[in-house]
1. Of the residues Val177, Val168, which single one is open to solvent by 30 Å² or more (accessible area, probe 1.4 Å), near the ligand (Cβ under 9 Å from one of its atoms), assigned to a helix (DSSP H, G or I) and closer than 15 Å to Arg205 by Cβ?
2. Report, by residue number, each residue of region 91-120 that is away from the ligand (no atom under 12 Å from the Cβ), under 10 Å from Gly147 (Cβ atoms) and either touching a Cys at 6+ places or on another chain (Cβ under 8 Å) or of a type in the set (A, V, I, L, M) (or both).
3. Name the residue that is nearest to the chain's Cα centre (by Cα), counting only residues in region 197-236 that are closer than 30 Å to Ser251 by Cβ and part of a strand (DSSP E or B).
4. Taking region 153-163 as the search range and keeping residues that are within 7 Å of the ligand (Cβ to nearest atom) and open to solvent by 30 Å² or more (accessible area, probe 1.4 Å), which one is modelled with the highest pLDDT?
5. Which condition does Arg115 not pass, out of (1) more than 18 Å from the chain's Cα centre (by Cα); (2) open to solvent by 10 Å² or more (accessible area, probe 1.4 Å), if it passes all the others?
6. Do we have Arg283 as open to solvent by 40 Å² or more (accessible area, probe 1.4 Å), charged (D, E, K, R), farther than 24 Å from Leu20 by Cβ and not in a strand (DSSP E or B) here?
7. Among the residues of region 88-97, which ones are surrounded by fewer than 21 Cβ atoms within 10 Å (Cβ to Cβ) and either of a type outside the set (Ser, Thr, Tyr) or assigned to a helix (DSSP H, G or I) (or both)?
Amino acid sequence: MTNIAPQRVSRLVNGRGKSLRVSFEFFPPRTEEMERSLWDAIERLAPLHPHFVSVTYGAGGSTRERTHATVKRILEETALTPAAHLTCVDATRDEVDAVVRNYRDIGVKHIVALRGDPAGGLGAPYAPHPGGYENAAELVAGIKRIGDFEVSVSAYPEKHPDSRHGNVDLDMLQAKVDAGATRAITQFFFENDLYFQYVDRVRSRGIDIPIVPGIVPVQNFRQVKNFAERCGTFIPNWLAERFEGLDDDVSTRKLVAAAIAAEQVFNLADRGVTDFHFYTMNRADLVFAICHMLGLRPAEKVAA
Ligand code: FAD
């Protein structure tokens, strides 16, 4: 793996003339083969000069070492800015704090702080660890006590499935901001109006941090639909219809997925959004194509 130097990038602007920024999310690989495809994706996407790249943390801290190793390798071998995801589920404060100190010591400056899902998965009842952080807001405060990290948190335009009401989500977002979070990244969604309605509700509470839309390019409709059902993301009929009959037609599915995601980000950009967080699923092709359509170019191609 060669070092990836930062490069000049041509950026399109949004509907209000402001520059666009992208970030990419990866998950830590489980096998050598997955490791290779992750690094292929990173090498392909790095020249687009993302604002940051984030690495997820497995349920119940199950990927602690792999997340750490991936973040460390990104720091050592690329010029990218990594953001390490961290959850407080099933861990004592001391254990979580040790992970945070470790990140501080290797030079990580950005953490995505999350409560996390219980070991039984999304939907299983959540109980904080007796000696652990109670929730994501407490985790943010704990992280800020250890180092001067930039801390991003989650946001749920369509309500978190555990929440009784959308207002409870806003209370939690407020608590996370009060504890020091300076950016929220949303759960993925397909109806942009739901995102804008949520942002209006956030702003009406006086919360002014960026609410960065999380964009999922639909690599596999069935899989995304399944996940959407569990996390409360609405799947509009038009989306299902566009993938109808394509289960065995991977190449057409890819084209359709790129077109849908591009349409979504163009609409968001036209309506004033500047920052986009892509859930890459460790694959570069769709995300690269969408970024290309947004006007992002590797530097050498701009200069030519
Ligand atoms: P919070 O913001 O803490 O809570 C969300 C809502 O649920 C709030 O309204 C809150 O009040 C309510 N709530 C919280 N706890 C309870 C409770 N005990 N009872 C009732 N209501 C409650 N998960 C991972 O495991 N690893 C990751 O790397 C990861 N990355 C993510 C990145 C993003 C951008 C997003 C949006 C999610 C990510 N998740 C990840 C998923 C996340 O951990 C789950 O959605 C989890 O269920 C909630 O954690 P949170 O910090 O998002 O929620």
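1. Every option except Val168 fails the conditions.
2. Val100, Val108
3. The qualifying residue nearest to the chain's Cα centre (by Cα) is Gly214.
4. Across region 153-163, the extreme among qualifying residues is Tyr156.
5. (1)
6. No: the conditions fail for Arg283.
7. Selection gives Asp90, Arg93, Asp94, Glu95, Asp97.
Let's see how each residue does on (1) touching a strand residue (DSSP E or B) at 6+ places or on another chain (Cβ under 8 Å); (2) not aliphatic (A, V, I, L, M):
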| residue | (1), (2) |
| --- | --- |
| Tyr195 | yes, yes |
| Arg203 | no, yes |
| Ile207 | no, no |
| Val218 | no, no |
| Val224 | no, no |
| Ala240 | no, no |
| Val256 | no, no |
| Ile260 | no, no |
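The values are calculated or read from the model by the stated rules, or taken from the named source; none is laboratory data. Worth saying up front: this structure is predicted, and the values here are computed from it rather than measured. As a convention, Cβ positions derive from the backbone with ideal geometry for all residues, glycine included, and neighbour counts pool all protein chains shown. Remember, those area values only see protein heavy atoms, side chains included, never the ligands or the DNA or RNA. Shrake-Rupley method; radii C 1.70, N 1.55, O 1.52, S 1.80 Å.
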